[in-house]
Amino acid sequence: MLIVLNMTTGLIIWCSEAITLAAVFLLAWWHDRRSPAYLMWALGFIVNAIGFALVAARGFIPDILSVEIGNAIALLGESAWIAGFRWLDKRKLEWSALLPPVIWLVGVSLPWVNDSFVNRIIVHDLAGAVGATLLACAVRPAEGRREQARGQLGFVFMALACLCFVSSVGMALFAPTQEEALIYRGYVALGDALFITVAVALMGKLLMERAERRWRAISITDTLTGVLNRRGLQDSYAILAGEGQRQPQKLAALLFDLDHFKTINDRYGHQTGDLVLIEFARIAHQFVPRGGAFGRMGGEEFVAFVPIDDQAQAEALAETIRADFCRVPLLAGRSLVPATVSIGVAIMPRDTVSWDRLVSSADRALYAAKRAGRNCIIVFDEMEIAKTVDAPPDTDGGELVPTLDDQIHALRRMGKLAGM
């Protein structure tokens, strides 16, 4: 038994489905006003449904309203979907999103197209193929984004583009009668609706993946400074320590503690204390090389994990952060806040490193830096860490790294002695 489906029936079915999808996206936007992509997708389905409703009403309304304007409005819905995907990734809108309705309006303005139903279908399907291709480009994975649903969405939109293109070419090659074209177009319209429905399901999957990634980022981020929190540091450390077969083979932990932070809070207020924490996090984070990790352990204590080739790299990084933080003027009203940082550095080979040994060694080095007068750096290298495994911790051990100020002061004293 052959089931005959005309184009009008297919359009009516799709219009009802489009309105339902628009309602879903409107509700999603209502619950999350910060996501304009939901609103744009909802508008796209509304506009698409209105356009195809005008097409389905042919014979009851003037042809110019049904054919020319109705199809242009329906294709404008694709432009809104394209804009929605670009907004989702915070990318700029491009005029190319308007190509589908423009192609249709230009094509239907030609007399030999406007006077032939089959030729109008050919032009419409070509415009739809262009729109589906632009949708596939709009969902392509952006830099740093690896959502699985993006690739699947791109495949579905390219399949939709192929369906529209094959339909257009088939109409041009076989030149069906108007009655045959109506039936054929009805099935193609249902095929389009099926692809778009699958695409909407994948869009839901994409949004769920993005929400999961966002909540994951929130769970490993310190709310005040915006850097990693302790949980995020532990996850990053596990990744760095697990790369023991890669170069470089050593891992350094730089433990930072802001000097006299309680005094800053008591004298200038907790708001100023927060500003000091934020400023230090900003300065230190910008110097931690790519491939390392930096975050807040808690209170005024921060840590950086950095793969290194030798001790000099860790010392240079620590001194750069210490000196840059000292130079930045931190103001509380008109008063200058005297903020400095002490740094303990521990270095271990990646193949024997452990969180407890590395962090505790850096903590002992930091304690030694505090004992040495603060605003300085103490380094525990591999040999010193190995010696403290079975022995009681020597808080006075380690290597005191001369700071830039120390070196300048020493040179000035040498100059004075030479002039005597």
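The values are calculated or read from the model by the stated rules, or taken from the named source; none is laboratory data. These numbers were taken from a predicted model, which means no experiment stands behind them. For neighbour counting, all protein chains shown are included, and Cβ atoms are generated from backbone atoms with ideal geometry for every residue, glycine included. These area figures cover heavy atoms from the full protein model, side chains too; ligands, DNA and RNA do not enter into them. Shrake-Rupley method; radii C 1.70, N 1.55, O 1.52, S 1.80 Å.
Results, tabulated for the structure shown:
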quantity	calculated
Computed over segment 6-133: relative contact order in percent, which uses C-alpha pairs under 8 Å that are six or more apart	21 percent
Hypothetical label at MET383: residues of segment 338-354 whose amide nitrogen lies under 17 Å (7 Å Cα-Cβ projection)	346-349
Sum of side-chain charges, LEU258 neighbourhood, beta-carbon under 9 Å (Lys, Arg +1; Asp, Glu -1)	-4
Spatially near lysine pairs across the chain, Cα under 22 Å, sequence gap of 8 or more or different chains	4
Full-extension gain in nm, ASP266 to LEU173, via 0.36 nm per residue minus C-alpha separation	25.1 nm
Under 5 Å, built H, 5+ apart or other chain: amide partners of ILE308	LYS250, LEU251, ALA252
Highest average packing first - 176-184, 29-37, 193-201, Cβ atoms within 10 Å	193-201, 176-184, 29-37
Portion, in percent, of the accessible area of the chain that falls on carbon or sulfur, probe 1.4 Å	63 percent
Shape category assigned to segment 72-214 from the gyration tensor of Cα positions, a/c cut at 1.5	prolate
Lys, Arg +1 and Asp, Glu -1 on Cβ, resulting dipole of segment 26-110 about Cα centre, debye, nearest 20	360 debye
Rel. contact order, % - alpha carbon contacts under 8 angstrom, at least six apart, the chain	11 percent
Cα gyration tensor shape for segment 210-270, rounded if a/c is under 1.5, else prolate or oblate	oblate
0 to 90° range, to nearest 10: angle between helix 70-88 axis and the chain longest Cα axis	10 degrees
Shape box of segment 225-313 [Cα atoms, principal axes, largest first, Å]	49, 27, 17
Convex hull projection area averaged over all views, segment 276-393, Cα basis, nm²	7.9 nm²
Alpha carbon Rg of the chain, scaled by the compact-globule rule 2.2 N^0.38 Å	1.50
C-alpha long axis of helix 36-56 to longest principal axis of the chain, angle in °	10 degrees
Tilt relative to the chain, helix 178-219 - C-alpha long axis, 0 to 90 degrees, to 10	10 degrees
Difference of contour (0.36 nm per residue) and Cα-Cα distance, THR223 to THR352	43.2 nm
The chain: calculated mean residue ellipticity at 222 nm from DSSP helix runs of at least 4, using -39500 (n - 2.57)	-21000 deg cm²/dmol
Within a Gaussian network of the chain (alpha carbon springs, distance under 10 Å), most fluctuating of LYS370, LYS205, LYS92	LYS92
Karplus-derived 3J(HN,Hα), 6.51/-1.76/1.60, for each residue of segment 356-371, Hz, glycine and proline x	4, 5, 5, 5, 5, 5, 5, 5, 5, 5, 5, 4, 5, 5, 5, 5
Volume in Å³ per residue [convex hull over Cα atoms, computed for segment 333-372]	93 Å³
Segment 169-266 - Debye-derived log10 I(q)/I(0), Cα point model, q = 0.12, 0.21, 0.23, 0.25 Å⁻¹	-0.72, -1.11, -1.16, -1.22
Packing-based order for 156-162, 53-59, 362-368, using average beta carbon neighbours within 10 Å, highest first	362-368, 156-162, 53-59
Heavy-atom surface of the chain, accessible at 1.4 Å and reported per residue (Å²)	53 Å²
